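The values are calculated or read from the model by the stated rules, or taken from the named source; none is laboratory data. Everything quoted here is computed from the prediction, not taken from an experiment. Virtual Cβ from ideal backbone geometry, glycine too; neighbours counted across all protein chains shown. Areas reflect the complete protein model, heavy atoms only, side chains present, ligands, DNA and RNA absent. Shrake-Rupley method; radii C 1.70, N 1.55, O 1.52, S 1.80 Å.
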Amino acid sequence: MLDSKQRAKLRGMANSHDTILQIGKSGIGEEVVKQVDDALTARELIKLRVQRTSPTTARESATEIAEKTNSEVVQVIGSRFVLYRRNPKKPVIEI
């Protein structure tokens, strides 16, 4: 579980990150979860976007994906959200 200082540091780091995945009209399927899981393993901190055609909101998508990938929601702003999961073997980010 992240405390407020860790979350603030991660939010600041996420500002410079590009959105790497989008959730569209098909919603959150197994493929999306697998892609997010792989990206979290490689990068630890990722930014996603929910398109207007998606059946879920950004908050709902962030919560659902975080549960399925065992990660934490760092922030949700508008249609974008940021997820974090520490890589236990090769940590990239020290918080």
Inside the range 50-75, can you point out the residues that are touching a residue at least 12 places away in the same chain (Cβ under 8 Å), in contact with a strand residue (DSSP E or B) (Cβ under 8 Å, 6 or more places away or on another chain) and not in a helix (DSSP H, G or I)?
VAL50, GLN51, SER54, THR56, SER71, GLU72, VAL74, GLN75
Which listed residue is over 9 Å from the mean Cα position of the chain (by Cα) and crowded, with 17+ Cβ neighbours inside 10 Å, from SER16, SER79, SER4, SER71:
SER79
Assuming SER26 fulfils every condition listed in (1) modelled with pLDDT of 95 or more; (2) of a type in the set (S, T, N, Q); (3) open to solvent by 40 Å² or more (accessible area, probe 1.4 Å); (4) touching a helix residue (DSSP H, G or I) at 6+ places or on another chain (Cβ under 9 Å) apart from one, which condition is it?
(1)
Just checking, which of ARG43, ARG86, ARG52 is over 17 Å from MET1 (Cβ atoms), open to solvent by 70 Å² or more (accessible area, probe 1.4 Å) and under 13 Å from the mean Cα position of the chain (by Cα)?
ARG43
